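Here the structure comes first, spelled out in structure tokens, and everything after it is commentary.
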Amino acid sequence: MRPVKKEIGIAYLCLAGICLIWGTTFLVMRIGVMNFPPFLFAGLRQITAGLLLCSFFLLIRRDKFPSLNDLRIQAFRGFLMITCGNGLVSWAEVVVPSGLAAIICSTMPVMVILINLSVNRSEMPNWIIGLGVLTGLSGIILVFSEYLADFANPTYRWGIVLIFIATLTWAVGSILTKRTIHTSNPFFDAGQQMFFGGIFCIPFSLAFDNLQQVQWSTDVIFALTYLVLIGSVAAFSMYAYTLSKLPITIASLYSYVNPLVAVVLGWLVLEEKLNLKIGLAFLITVTGIYLVNYGYQHQKRKQYEALNLKA
């Protein structure tokens with residue numbers, strides 16, 4: 001019993017680490033992509049991080065090389081979570097403030113729960129979930145009201161849309177990973193997903209990046225190094241471990257803290273907008289996410305109690 005409790009404790013420590021680290025990555029990513037083609041930046045970051053992790057397991061630990069079917073599975077998840085989930089946010093942050101991007105991404109747990117409910121159509125969302133969704137959306141709308149002038153820029157509008165798509169694909173990838181992660185090494189899987197996700201960023205870079213803007217600077221090297229070692233190798237591995245030990249609705253709670261860290265850091269370092277309305281919008285959004293998660297847990301608990309009564 002003790003090893004199980006120890007593993008759960010480690011999973012919660014990993015979750016705490018993710019809360020802090022992924023809050024900083026929005027800022028560092030924006031610093032990088034403001035000075036470097038975004039899809040190429042994301043690709044270099046994830047390919048390097050994936051190679052580091054996979055090399056450790058294949059060359060040092062001598063783990064078995066994955067089967068072709070396993071590689072296909074990890075490649076698909078890497079496309080969802082890394083190419084789309086990370087690559088699209090990288091592209092969008094060229095024009096979208098890092099704090100706003102983080103607030104939009106904080107809706108991921110809501111998407112996870114709504115996807116789970118849509119798959120199991122016998123489960124209708126209860127009134128708490130409905131209230132939470134409406135509350136969260138009102139918070140997002142309140143944030144957008146501070147950036148109405150920016151919506152005149154078509155690139156900015158596309159950036160907002162792509163961040164929502166990235167959040168959705170990350171949610172889908174997390175659900176798929178959660179279903180089979182207990183039967184494999186979550187850290188090795190994370191390395192494969194990052195490597196394949198980074199590889200798939202390259203065609204996007206060739207299609208959409210201005211490769212004439214490739215200029216190596218101190219800011220770019222710092223951002224890339226931090227994101228490879230801390231944002232990808234460390235944090236993504238923590239996330240994979242957390243998914244393997246905790247329910248996905250708990251594992252996704254990092255998104256409560258990430259936007260707060262990102263908004264404050266964006267304000268301090270890049271002088272991004274932060275005022276009373278944005279602070280209020282953040283609190284409303286987080287309250288909505290909490291209500292959705294609470295309503296989902298309450299619904300699951302009622303169903304479990306009903307099954308026990310029948311038994």
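The values are calculated or read from the model by the stated rules, or taken from the named source; none is laboratory data. Not measured: the values here are computed from a predicted model. Cβ sites come from the backbone with ideal geometry, for glycine too, and all protein chains shown count toward neighbours.
Which helices (runs of 4 or more DSSP H) sit wholly inside region 2-83 and have at least 2 residues that are free of Cβ contacts under 8 Å to residues at least 60 places away in the same chain and not basic (K, R)? Reasoning before the result, please.
On the way: elements: 2-33, 38-55, 68-78.
Ranges flagged: 2-33, 68-78.
Is it the case, given these coordinates, that I73 is farther than 29 Å from F195 by Cβ and surrounded by 17 or more Cβ atoms within 10 Å (Cβ to Cβ)?
Values: farther than 29 Å from F195 by Cβ: no; surrounded by 17 or more Cβ atoms within 10 Å (Cβ to Cβ): yes.
For I73, the condition - farther than 29 Å from F195 by Cβ and surrounded by 17 or more Cβ atoms within 10 Å (Cβ to Cβ) - is not met.
Select from region 207-223 the residues that are β-branched (V, I, T) and free of Cβ contacts under 8 Å to residues at least 60 places away in the same chain and write down the one among them that is nearest to V28 (Cα to Cα).
Of region 207-223, the ones β-branched (V, I, T) are 214, 218, 220-221.
With free of Cβ contacts under 8 Å to residues at least 60 places away in the same chain added as a condition, the list becomes 218, 221.
On the way: T218: 13, I221: 11 Å.
Per the criteria, the residue is I221.
Kindly evaluate V94 against the criterion of being over 16 Å from L168 (Cα atoms), β-branched (V, I, T) and in contact (Cβ under 8 Å) with a residue 40 or more places away in the chain. First the steps, then the outcome.
Details: over 16 Å from L168 (Cα atoms): yes; β-branched (V, I, T): yes; in contact (Cβ under 8 Å) with a residue 40 or more places away in the chain: yes.
Answer is yes for this residue.
Matching residues to (1) closer than 16 Å to V143 by Cβ; (2) basic (K, R); (3) surrounded by fewer than 17 Cβ atoms within 10 Å (Cβ to Cβ):
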residue: A234; (1), (2), (3): no, no, yes
residue: Y241; (1), (2), (3): no, no, no
residue: A251; (1), (2), (3): no, no, no
residue: L270; (1), (2), (3): no, no, yes
residue: K277; (1), (2), (3): yes, yes, yes
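How about region 1-53: which of its residues are charged (D, E, K, R) and surrounded by 22 or more Cβ atoms within 10 Å (Cβ to Cβ)?
Taking region 1-53 and keeping what is charged (D, E, K, R), we get 2, 5-7, 30, 45.
Hits for region 1-53 are R30, R45.
Condition (residue is within 18 Å of the chain's Cα centre (by Cα) and either of a type outside the set (S, T, N, Q) or at pLDDT below 85 (or both)) applied to region 277-284: is it met by at least one residue?
At the first step, the residues of region 277-284 found to be within 18 Å of the chain's Cα centre (by Cα) are 282.
The next check asks that each one be either of a type outside the set (S, T, N, Q) or at pLDDT below 85 (or both); those that pass are 282.
Yes, region 277-284 has at least one match.
Could you check R301 against (1) surrounded by 22 or more Cβ atoms within 10 Å (Cβ to Cβ); (2) more than 25 Å from I82 (Cα to Cα); (3) at pLDDT below 80 and say which number it fails?
(1)
Name the residue, out of F151, F204, F188, F164, that is of a type outside the set (A, V, I, L, M), in a helix (DSSP H, G or I), surrounded by fewer than 20 Cβ atoms within 10 Å (Cβ to Cβ) and touching a residue at least 12 places away in the same chain (Cβ under 8 Å). Full working, then the answer.
Values: F151 fails: touching a residue at least 12 places away in the same chain (Cβ under 8 Å); F204 fails: surrounded by fewer than 20 Cβ atoms within 10 Å (Cβ to Cβ); F188 fails: surrounded by fewer than 20 Cβ atoms within 10 Å (Cβ to Cβ).
Step by step, each of F151, F204, F188, F164 is checked, and only F164 is of a type outside the set (A, V, I, L, M), in a helix (DSSP H, G or I), surrounded by fewer than 20 Cβ atoms within 10 Å (Cβ to Cβ) and touching a residue at least 12 places away in the same chain (Cβ under 8 Å).
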